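Before any comments, here is the structure.
Derivation of every value follows stated rules applied to the coordinates shown; laboratory data play no part. Not measured: the values here are computed from a predicted model. Cβ sites come from the backbone with ideal geometry, for glycine too, and all protein chains shown count toward neighbours.
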Amino acid sequence: MSNQRKILKLSRIEVEPNYADRTWQIIEHGINQIFNHNDRELSMEELYRAAYNMVLHRFGEMQYNGLVVTVTRHLEEMRKSIESAEGSFLDELNRKWTDYTESMQKIRDILMYMDRSYVPTHHKTPIKEVGLNLWRDHIIHSAKIQTLLVDSLLEEIHRERMGEVINHGLMRNVIKMLTELGVYQEVLESINAFEDVIINSFKYLAL
Amino acid sequence: MELVEKKKFLTVGQFECAWGEEFRFKEAGRGCISFEASAQNDVTLVFREQIGSRHYHYKMDNHHNYTIILGSHRNRRLKIEVDGKTVVDVASIGLCCSSSFQSYWISIYDGLISIGKGLYPFQNLVFQWLDENPRCQVQYVGLCSWDKHVSYRNINVLPLEQNNNSLWGKFDYKGLEERTSDREGGDYRSENILTLRDFCENWEFSDLVFEVGYDGKAVPAHKLVLGVFGEIPCNLVEGRVFKLPLVSYAVVRAFLEFIYTGRTQIVDEEVDALLKLAKQFKVSSLIKQCQKLITRLEKNRKEVFTYSGANVEIMNDATRLSQSGGFPFETHLNLEKLKCFLSTGEASDVNIYIAGYGLVARAHKLILSLRSPPFAKMFTNGMMESSSSDISLQDVSPEAFSLLLKFMYCGELEMKETEMSPLLLDLLLLSDQFGITMLQRECSKRISECLSEDTVCPVLEVVSWVPSCKSLEEACKRHFAMHFDYCTTASSDFVSLDEATFKEILQAIRNFLLIFLWQQHPEMTVTCEEKVINAILVWCMQANEICGWAQIDDVLRSSDPAQLFGERISLLDALLHFVRFPLMHSSLLNKVRSSFYVLNFIYLLPIHGTKNERYQHRRSCYKELQYICDGDNNGVMYYAGTSFGEHQWVNPVLAKKIMVTASSPASRYTDPKALVSRTYQATCFAGPRMEDGRNCSWWMIDLGQDHQLMCNYYTVRQDGSMTFMRYWAFQGSMDGENWMNLRVHENDQTICWPGQFASWPISGPSALLPFRFFRVILTAPTAGDNSSLDLSMCFIELVGGGGGGGGGSGGPHIHGRAGGHKASGTFFGHYSGRILVLAALSLSPMFGVDRNDDGDVDWDLLDH
């Protein structure tokens, strides 16, 4: 009986004092690389394992908060680059949005264990939603971008009404993004003039 | 697959029946219900077209119904009735009820009734019966009882989906999880779990291309899948492209669809071509289906002479079977063949290495992806592993990983040992890490089966880390608490448990006296409080050796407590609250009291002065009583009326089992026996009397010298008058003179109509104190126009003992079954709030608080 007890001692990783910090650094580096499109060099196995161990050792909260901070930092950079891209604003916005969703998907992959166990047991918002919320709060709700966005959309619609050919695919993507974020209505409401004209146009485009 | 789930508790009283929209099959005549039930006999389920009433009785039902009774005839037989006629009556083949919860599932598919045991529907089939004349309309499930109440929980109603994937069907039950925490991950799973269907005509991991038709349309497939279902032609073993110039795309599509999903549709004139293709790949199940179909078509053709051009459906036998509740996993799939693919590495596309060990297996990305979401992502999300055919894992035990791999391929855990082994724990962690819930469940099951006093501690330590192992964790804690003495003295393993876990165990022992059925565990001794103190001190010291409190006290006299207890010193105080000092032997109590003067928890210990109490620890004896509804037969008053289970009920006051006294003298309307009589009294009250210069009205109950009750629930019933009490207290006492408030009601508006029943839980420490006397005392005049000091009530019932939270949600529970007020959904009132209340009534003194004549225990002790 007593032998049995001895062998059951688990080979768990010993928690060193700075264990959590070190592990988080690995994950943070991974997230940065993902945003920088260097993810081909990353090992999913290593990152997943690090994230798994962190949650298992009850550093789920640290991981969760760290994720929010890191993503926010990248969003700030994106915001600047979108704001400065004056000429092709919608293009830039759409490109960044596509990048962002792809990156977030990969981040969700490596943090899957947290999404599965920490998030439900601690009643947190799932990573996917966190991603959308952050994008909405930092990009769409930025005053400058919001004005630019409304102006550009109006301009595109206006151009189409004048008989020009516009990029329907781009318009559709942007409007899809707004619906996904749940701010479609909100953006619409900020446009006071031509309201119903615009609603109709949007509906047509959103089809 | 959508899942309607209700995991809550549901207790059905005698001859009652619970219905609800949630217990409804999505599709009439087809569905499955899985549940856990605890009962002495007659766990009865009724399946009918419409919802029935609470007092529904299947013998009197004129509509079509199936009634299934588990544990009929005093828990000896399994019975199925159709429209009230018995069609099956067999000695129950392992389908009995028990007073601990057992899991069952029942599926109905167009008259085919399957009944099985266990948590997982369609596994462990025990009985099957086919109704020749199916009642296809049955849709609602009623959970019923017979002459004993039945408790149900974890009730899941599942649809039987048409296209259950035959092969991996078992894995399709995504949300079907064991317990709460597992279930919470539902979203994650439905999104991430892949099925073989997802790989049909998918280029991902494809290693075989069909070039179809003259234009050479490329259709992807997987050698592994074709190889498992049939055989890959020799000339293709090496090659990658398979040319089928004479076959149309529709045929190839149907062929693949059949293999990947178990069913397909095809235009009837193409069946021949499909058969030919199936023969080429030796897909025997498809060959058989095609041949059957051709015979049938030929018969038709004799009459019509042409192809109709209509689509015909081809379905795998196994698919059909799984729809009717068979075993999806074990049917036609050649598991041996699949295992062969693993052992030979044929058609493998990934080499798995373990750091420090080397190559463990040549595996298939397809299989790994089907079973484990993290692997699926690893192979597809564009990171390093996606483009490589080698992956290397770290911190993984090669043995455990091999077992994991084998499980992924064949769905079975190939481990013969029934003993607890570290491997099993490793495997549990590993399956959790890679999100293989089936294996995790299997491991949990095995571990909980072989828990022993020696292993529970290390297991608990590991399991408490894993958020998704809640049920196993609970099982471990229960086990630990049950063997508390052993677990805390045989080794000091328990000091490595974390705070929350340890606290829960202590809480469990406190409740133990009440919860765990003494009859079932006669060997279980009530943990002595001294052991609890020892355990708490040792845990706080994080000691390597077991030592008693006296030893620790000696050490304390010469050293700094902060140093001795380290970081856990702050927890010491909170934990010592779990010790029930009043239950300790007085000599011991005195000793304990004189020790530990260094620590500031000294105030916890009662000061006894000069009185000479004698505490004695006696073996206790319980009766489990369950509160079901107001006025039921499960309270102490009723139980006393049967002389504690010995005979039919007689009024306990008349039988002199219980004494009831009122503040005013007995009279026609102040009748002690009426209060426990179980019949409604239009006028029944206790008038005021002067006590200590104050007017008091009360009803008092004396359980007699030999009995004490830890009361945690009480029920009263208003008489026919409108004098409703608003300010009153429910009190307990040991001597009938010194009273302690168990629950104080201040302007409680609960009672608002004549004849109303109302119940309140007693929570907090007082629910854990045993008393002999109880009373309801009015503390201010009653409500209403003719406000008075009369305490009007015509019935009282006490229920004792308690579940974890010491008596449920804390609010009053009103059940208007009297006086024509029928609150809707009364039944579910209990259902929603976790108000399982166990009652414990001591037949001999509960824990023998046996005292001298002048024994006056300081009960306020725990009332901080």
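Of the residues A:62, A:112, B:383, the one with the fewest other Cβ atoms within 10 Å heads the list, and the complete ranking is A:62, A:112, B:383.
Each label point was placed 7 Å from the Cα along the Cα-to-Cβ direction; for residue B:50 and residue B:217 their separation is 5.2 nm.
Here the peptides B:218-231, B:426-439 are ranked by packing, the mean other Cβ count within 10 Å, and the order with the highest first is B:426-439, B:218-231. Taking a ≥ b ≥ c as the square roots of the eigenvalues of the Cα gyration tensor, an a/c ratio below 1.5 marks the range B:449-511 as rounded. Restricting the range B:381-477 to GluC sites (Glu not before Pro) that sit in a DSSP loop and have at most 12 other Cβ atoms within 10 Å of their own Cβ leaves B:414, B:417, B:419.
Excluding residue B:50 itself, what net charge comes from residues whose Cβ is under 11 Å from its Cβ, given Lys and Arg +1 and Asp and Glu -1? Spelling it out: positives minus negatives among the neighbours equals 0. Spacing of the modelled spin labels on residue A:65 and residue A:166, each 7 Å from Cα toward Cβ, amounts to 4.5 nm. The GluC sites (Glu not before Pro) of the range A:28-102 meeting both criteria, a DSSP state outside H, G, I, E and B (loop) and at most 15 other C-beta atoms within 10 angstrom of the site's C-beta, are A:86.
For the range B:396-445, applying the loop criterion from DSSP together with a ceiling of 10 other beta carbons within 10 Å to the trypsin sites (Lys or Arg not before Pro) yields B:416. Per residue of A:51-64, other chain Cβ atoms within 10 Å of the residue Cβ number 2 on average.
Remark: the range B:197-323 carries a charge dipole of roughly 420 debye about the Cα centre, counting +1 on each Lys and Arg Cβ and -1 on each Asp and Glu Cβ.
Annotation: the residues A:121, A:179, B:11, A:70, sorted from fewest to most other C-beta atoms within 10 Å of their own C-beta, follow the order A:179, A:121, A:70, B:11. For residue B:507 and residue B:558, FRET efficiency with R0 = 35 Å and r from the beta-carbon atoms, rounded to 0.05? It comes to 0.60. Taking a sphere under 12 Å around the Cβ of residue B:201 and counting the other residues whose Cβ falls inside, with K and R at +1 and D and E at -1, yields a net charge of 0. Note on the range B:4-160: with charges restricted to the Cβ of Lys and Arg (+1) and Asp and Glu (-1), its dipole about the Cα centre is near 400 debye. Using +1 at the C-beta of Lys and Arg and -1 at the C-beta of Asp and Glu, which of B:431, B:471, B:402 has the Cα lying farthest in the positive direction of the dipole of the range B:390-478? The Cα lying farthest towards the positive end belongs to B:471. Label positions at residue B:351 and residue B:395, each projected 7 Å from the Cα along the C-beta direction, are separated by 2.6 nm.
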